[in-house]
Amino acid sequence: MLIDFVINFCILFTFAILTYIPFQNKLNVYIPSYNYARFILGILSGFTGCLLMLTSVSISDFFIVDGRMAVIALSGVLGGPFAPIISGTIIGVFRLFMYGYSTNALIAGSSTIVIGLVIGLWSWKKTMTFQNVPYFFGYSILQTSIVLGFLGNWKFETWLAIISFIVFSVLSFSIIFVILKLLSSLFEKIKHIEEMSATDYLTGLNNNRKFQECTQQLIENNEVFSLLLLDIDYFKKVNDTYGHPVGDEVLKELALRIKDTSKPFGGIVSRNGGEEFSVILPNTTDDKSIEIADLIRLSIEKNLFLISTGEKLSITISGGISTYPEDAITTHELYKLADEALYLAKTSGRNKVIHIN
C-alpha cells in the first residue's frame, strides 16, 4: 500500500512541476496565449486527475484514495477560474463511469464536479494565489470527507477511508505547496536579477547593455529606425551648485519626461551613462525623428524642474540623431554619428537637436 501512495504522489508531483514552470512562464518557456492556456491547463489537470484515480490506493472494496483534489485546487492557482471547472468536470465524469455506473458513483462524481464549479466561481471573485489556495483545498477536502462518510454510513472502515484520504491529501498537497512556493520565490529572484542586469539603477530605464540589444535586434530585422542621443546642458553646474543628490533628482525627472513624451511614438529609452540618454525610434525616418526630438526638448525646456530644496531649475538638453539604414548600418556607426551630431549641437549653442549623416 505504501508503494501505491508513493506512485500516486509522484504523479501528482510531476503534474505540479511540469505545469507550474511553463504555465507561469517562469523560464520564458513558450505557451499559447492566456486565453488558450487556461483551457489547456484545465484539460491537463483533468486527465492528471483521471490518471491519479487509475493509480489510486484501495482502502476497501468501496473506497479509494488519491490526490485528485490537490490537482483541482492547484489548477486554479496556475490557470485561473476556468481550470478547476474544466478539471473538476473531467474528473467527475470519469469517476462516474470508472467502475461502472451506480448511485455511489453518481454521488461521488457529482461531488467532484461541484467542487470544481465552486472553486472556479469562488476564485472568480477572489483570485487564487499561493496565499489563499489552502482555503480552497480545505473546502474540497471537507466536502469529499462528508460525501465519503455519507456513502459509507459512517462505519469503521468509512472513518478509516476518510482519515487515510485526509492524511494523504493534506500531506501530499503540503509538500507540493511548499516546493512550489520555494520555486516561485527562486524564479522571482532570478527575474529581479535579470531586470537589474538590463535596468539603470537610478532612473529605471534601460541601461547601455539593453540599449545595445534593442538596437542590434532592429538591425537584424532590417527595420528602419532613428537613434536620438540626448545630453543635459551644463549638468556639471547643477551638481556643483546643488550637490549630486539634487543632480540625481534631475536625472530621474528627466528620464520620466523623455519616456512619457516618446512613448506615443514607440520610443525605447535608455540611460547610456552619466547625463546621457538615448531614444530608439522604430519606423522613424530623419524628418520625423527631428520632430519627435524637438517635442522631447521642448517638454524639458518649457517645464521647470522642482527640486527637494523647493527651488525650480531651468534645464535644457541637446540632441543628435542618426537613422538606419540611411546614415549607417551598424550600431557602432549609428552611435558615432549621433554622438557627433550631439557634439555639434553642444558647440553651436546648445538646447537644439541636429541630424547628421
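The values are calculated or read from the model by the stated rules, or taken from the named source; none is laboratory data. For clarity, every value in this text was computed on a predicted model and none was experimentally measured. Glycine gets a Cβ as well: all are built from the backbone with ideal geometry, and neighbour counts include every protein chain shown. Only protein heavy atoms, including side chains, enter the accessible area calculation; ligands, DNA and RNA are left aside. Shrake-Rupley method; radii C 1.70, N 1.55, O 1.52, S 1.80 Å.
Side notes on the structure shown:
- Sites residue 14 and residue 131 - FRET efficiency at Förster radius 22 Å, r taken between beta-carbons, to 0.05: 0.35
- Cα gyration tensor, region 178-321 - rounded (a/c under 1.5), prolate or oblate: oblate
- Peptides 242-253, 71-82 ranked from most to least packed by the mean count of surrounding Cβ atoms within 10 Å: 71-82, 242-253.
- Using a Förster distance of 22 Å, the FRET efficiency for residue 101-residue 43 (Cβ separation, nearest 0.05): 0.40
- Counting only Cα atoms, region 116-267 measures 87, 43, 26 Å along its principal axes, largest extent leading.
- Taking all protein chains together and a 1.4 Å probe, the residues 39, 168 rank 39, 168 from largest to smallest accessible area.
- Relative contact order of region 265-357, taken over Cα pairs closer than 8 Å and 6 or more residues apart, is 24 percent.
- Accessible area (Å², 1.4 Å probe, nearest 10) - residue 220: 120 Å²
- Among 180, 102, 224 - extreme Cα towards positive end, dipole of the chain, charges at beta-carbon: 102
- Note on region 205-357: with neighbouring protein chains present and a 1.4 Å probe, carbon and sulfur make up 50 percent of its accessible heavy-atom surface.
- Dipole check for region 217-296: with +1 at the C-beta of Lys and Arg, -1 at the C-beta of Asp and Glu, and the Cα centre as origin, the magnitude is about 220 Debye.
- Remark: the residue 156-residue 304 segment gains 45.2 nm on full extension, using 0.36 nm per residue and subtracting the alpha carbon distance.
- Rounded Å value of the spacing that divides the Cα centres of region 150-191 and region 267-289: 53 Å
- Cα convex hull of region 223-279 - mean projected area over all directions, nm²: 4.0 nm²
- Seen against the Cα atoms of the chain and their longest principal axis, helix 286-301 is set at about 90 degrees.
- For residue 216 and residue 344, the FRET efficiency from 1/(1 + (r/R0)^6), where r spans their Cβ atoms and R0 equals 22 Å, is about 0.30.
- Degrees, to the nearest 10: 156-198 long Cα axis against longest axis of the chain: 10 degrees
- Top positive-direction residue, dipole computed over the chain with Cβ charges, set 354, 75, 313: 75
- Charging the Cβ of each Asp and Glu at -1 and of each Lys and Arg at +1, and nothing else, the dipole of region 267-333 about its Cα centre rounds to 360 debye.
- Rounded to whole Hz, the Karplus (6.51, -1.76, 1.60) HN-Hα couplings of region 308-325, x for glycine and proline: 5, 6, x, 7, 10, 9, 8, 10, 10, 10, 10, x, x, 10, 9, 10, 9, x
- Between 0 and 90°, nearest 10: helix 208-220 axis offset from the chain longest Cα axis: 90 degrees
- Cut-off 11 Å, label 7 Å out along Cα→Cβ of residue 184, residues of region 60-91 by amide N: 77-78
- Only one of (i) 29, 57, 14, 0; (ii) 25, 31, 25, 17, 2; (iii) 29, 60, 11 was calculated from the structure for P(r) over Cα pairs in 20 Å bins from 0, in percent, and its label is (ii).
- Greater than 27 Å apart at Cα, pairs in 191/352; 210/336; 263/302; 237/352; 126/263: 191/352; 126/263
- Solvent-accessible surface of region 267-320, averaged per residue with a 1.4 angstrom probe and all protein chains in place: 42 square angstrom.
- If only the Cβ of Lys and Arg carry +1 and only the Cβ of Asp and Glu carry -1, the dipole of the chain around its Cα centre is close to 1220 debye.
- With DNA, RNA and ligands ignored, accessible area of residue 50 (1.4 Å probe; Å², nearest 10): 10 Å²
- Listed residue (131, 215, 158) projecting farthest to the positive dipole end of region 80-219, Cβ model: 158
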